[in-house]
Amino acid sequence: MVRNQNTSQNTQKIIGANRVFVCDEAFSVIKNGGVVYESMPKEQMAQRAGDSMDFTESNGSKILAVGEYENLVRAYPHANREFYDDGVLLPSLVNAHIHFEFSNNTTSFMYGDFGRWLDSVIAKRDDVLSNITKSVQEAIATQLVNGVGLVGAISSYGYDLEALSNSGLRVVYFSEAMGSNPSVIDALFGDFKTRLEQSEAHKSAIFTPAVALHSPYSLHNIYAKYVLQEAKKLKAPVSAHFLESAHEREWLLSGSGYFYDFFAKTFAVPNPKPFYSIEGFLEQFIGLENVLLTHCLFASESELQTMFQNSHTIVTCPRSNRLLNNTYLPHLQMGGAKNLMLNIALGTDGKSSNADVSLLEEMRAMLFAYPHTDLSTLAQQILQSATHNGARALGVKSGILQKDYNADMAVFKIPKITQSAQEALQFILHAKKATRLIINGKKLV
Ligand code: MCF
Ligand code: FE
């Protein structure tokens, strides 16, 4: 039941629920808790964003207080308020890696081996990428229904730019660079810069332009160097697919296997050689602040150690990993290698390597992918990956219900959770659609 009172025009609002998941390190849960946040009228929001020339984290609606609902009501008696008796309130979820442009795909690609998948993408890509408007809108709607407030969107072509910038979602928009032919690097870089500049024109309090290197096997090292210079100029987050397949590891280590044939036969490259060593690829990111390395299924302990030392994040996409590479990110124990505390974020990847782009389904799949991990602990880790780990990776101050964080929240109606210590688990099992979604203080659902 929802009690809704005090509807006077007020910029302060209280939202409360039977259970509030703060999603901090300790995974604190508040019974009958709430959040006070500022909800700015649209004009004011636009003005605030325009006030300063840098569209940084200081812009937009913030959380003012978090605590027990009744205490908040007493402290903010004039705030507009709503309370969900049978609901869970938590930070809106973060889908840290998704390709909206591939939303048309259902049955076009081959699964079960990365090489077979890539061959099928090359063969069917043009069909899948045509007339994508409707499917991109559907994928955006899926994010909102899933209570996702922030996405790390990998854009290979820029076809999803308008839809995402008008979606109301908080977006980190990664213009992706890909191409290995040295004779066309200038043209490729020119196209990349055009796409990046187009995304910069949409920069706002909720839209951050960023840069993606597709992968070590598909990107010439000189092209990568140019692209990373742009990322440094913008102080932008950087994303890359990395060590996704055993084929990729073999290619980078010994220049043989599937990728040798891929270049020699499919692209008729004489005597093909990898552009990087594994260490060489990682060295490019030293000194960058928000680096997201997606998949990393075949990274060694020492490579994970390097990632940890440089504060990189691994984005894991469990269903994509099962479908393309028949495995899941190993050593999940508190993130990455056994004794490390690597930041692990969660993504759905695109419909190119998944049946759908529902983050709730991804969380459920992940829960069943690690049968040897304690269930309640795993459930909490999954929720943290899907909230503050993802936001931290993307350089966005969301993902925790805490004062001064962005007012990005979701409510899911779930029958009252009576088993404390298993709240995260019950949530993952039963959350089906967001009843309320607030992004930057604005109600989207
Ligand atoms: O993450 C998965 C698998 N790994 C690599 N690339 C992609 C994934 N999903 C979509 N892609 C895209 C990528 O951005 O597929 C193309 C690129 O546009 C692959 S290379 C022909
Ligand atoms: Fe991907």
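Per-residue answers, yes or no, for (1) open to solvent by 20 Å² or more (accessible area, probe 1.4 Å); (2) away from ligand 1 (no atom under 16 Å from the Cβ); (3) touching a Lys or Arg at 6+ places or on another chain (Cβ under 7 Å); (4) not in a helix (DSSP H, G or I):
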residue: Val357; (1), (2), (3), (4): no, no, yes, yes
residue: Met363; (1), (2), (3), (4): no, yes, no, no
residue: Pro371; (1), (2), (3), (4): yes, yes, no, yes
residue: Leu378; (1), (2), (3), (4): no, yes, no, no
residue: Gln381; (1), (2), (3), (4): yes, yes, no, no
residue: Gly395; (1), (2), (3), (4): yes, yes, no, yes
residue: Gln402; (1), (2), (3), (4): yes, yes, no, yes
Original post:
Of everything in region 190-206 that's buried (at least 19 other Cβ atoms within 10 Å of the Cβ) and free of Cβ contacts under 8 Å to residues at least 60 places away in the same chain, which residue is farthest from Gly255 (Cα to Cα)?
Top reply: Ser199
Original post:
Quick one: Ser302 ticks every box in (1) more than 26 Å from Val121 (Cβ to Cβ); (2) within 16 Å of ligand 2 (Cβ to nearest atom) bar one, so which box is it?
Top reply: (2)
Original post:
What are the residues in region 282-303 that are at pLDDT 95 or above and part of a helix (DSSP H, G or I), if any?
Top reply: Leu282, Glu283, Glu303
Subject >> Conditions (1) touching an Asp or Glu at 6+ places or on another chain (Cβ under 9 Å); (2) within 15 Å of ligand 2 (Cβ to nearest atom): number failed by Lys193 >> reply: (2)
**OP:** May I ask you to list the residues in region 265-281 that are open to solvent by 30 Å² or more (accessible area, probe 1.4 Å), in a helix (DSSP H, G or I) and away from ligand 1 (no atom under 16 Å from the Cβ)?
**Re:** Glu279
Original post:
Can you name the residue in region 124-142 that is closer than 27 Å to Phe263 by Cα and without any contact (Cβ under 8 Å) to a residue 12 or more places away in the chain and is also least open to solvent (accessible area, probe 1.4 Å) among such residues?
Top reply: Arg125
Subject >> Unmet criterion (only one of (1) under 25 Å from Trp117 (Cβ atoms); (2) of a type outside the set (Phe, Trp, Tyr); (3) in contact with a Lys or Arg (Cβ under 7 Å, 6 or more places away or on another chain)) for Lys351 >> reply: (3)
Original post:
Wholly within region 170-261, which helices (runs of 4 or more DSSP H) include no fewer than the required count, namely at least 3 residues that are farther than 22 Å from Thr327 by Cβ and assigned by TED's automatic domain parsing to the domain that holds Ala345?
Top reply: 185-200, 221-234
**OP:** Could you tell me which of the residues Val94, Val88, Val121 is buried (at least 24 other Cβ atoms within 10 Å of the Cβ), more than 20 Å from the chain's Cα centre (by Cα) and at pLDDT 95 or above?
**Re:** Val88
Original post:
Just checking, which of Phe114, Phe109 is touching a residue at least 40 places away in the same chain (Cβ under 8 Å) and open to solvent by 10 Å² or more (accessible area, probe 1.4 Å)?
Top reply: Phe109
**OP:** Would you point out the residue of region 284-299, among those that are within 12 Å of Leu228 (Cα to Cα) and more than 16 Å from ligand 2 (Cβ to nearest atom), that is surrounded by the most Cβ atoms within 10 Å (Cβ to Cβ)?
**Re:** Phe285
**OP:** Within region 47-79, track down each residue that is touching a strand residue (DSSP E or B) at 6+ places or on another chain (Cβ under 9 Å), closer than 16 Å to Lys442 by Cβ and modelled with pLDDT under 95.
**Re:** Ala49, Asn59, Gly60
**OP:** Of the numbered conditions (1) in the same structural domain as Leu297 (by TED's automatic domain parsing); (2) in contact (Cβ under 8 Å) with a residue 24 or more places away in the chain, Thr377 fails exactly one; give the number of that condition.
**Re:** (2)
Original post:
Inside region 143-189, can you point out the residues that are of a type in the set (S, T, N, Q), open to solvent by less than 50 Å² (accessible area, probe 1.4 Å) and within 16 Å of ligand 1 (Cβ to nearest atom)?
Top reply: Ser155, Ser156, Ser175, Ser180
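A quick yes/no check of all residues on (1) outside any helix (DSSP H, G or I); (2) away from ligand 1 (no atom under 12 Å from the Cβ); (3) small (Gly, Ala, Ser):
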{"site": "Glu101", "(1), (2), (3)": "no, no, no"}
{"site": "Met110", "(1), (2), (3)": "yes, yes, no"}
{"site": "Ser135", "(1), (2), (3)": "no, yes, yes"}
{"site": "Glu138", "(1), (2), (3)": "no, yes, no"}
Original post:
Quick one: in region 196-219, which of the residues that are hydroxyl-bearing (Ser, Thr, Tyr) and more than 14 Å from ligand 2 (Cβ to nearest atom) is nearest to Asp261 (Cα to Cα)?
Top reply: Ser199
Original post:
Looking at Ala212, Ala246, which one is out of contact with any helix residue (DSSP H, G or I) (no Cβ under 8 Å at 6 or more places or on another chain) and crowded, with 17+ Cβ neighbours inside 10 Å?
Top reply: Ala212
Subject >> For Tyr84: the one exception among (1) under 24 Å from Ser215 (Cα atoms); (2) not assigned by TED's automatic domain parsing to the domain that holds Pro318 >> reply: (1)
Original post:
What are the residue pairs meeting all of these: first residue in region 282-300, first residue of a type in the set (D, E, K, R), second residue in a loop (DSSP other than H, G, I, E, B), Cβ atoms under 8 Å, and 6 or more apart or on different chains?
Top reply: Glu289/Lys235; Glu289/Pro237; Glu289/Ser311; Glu289/Gly395
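The values are calculated or read from the model by the stated rules, or taken from the named source; none is laboratory data. On a predicted model such as this, the values are computed, not experimentally measured, just so you know. Every residue, glycine as well, gets a Cβ built from its backbone with ideal geometry; the counts of neighbours run over all protein chains shown. Heavy atoms of the whole protein, side chains included, go into the accessibility calculation; ligands, DNA and RNA do not. Shrake-Rupley method; radii C 1.70, N 1.55, O 1.52, S 1.80 Å.
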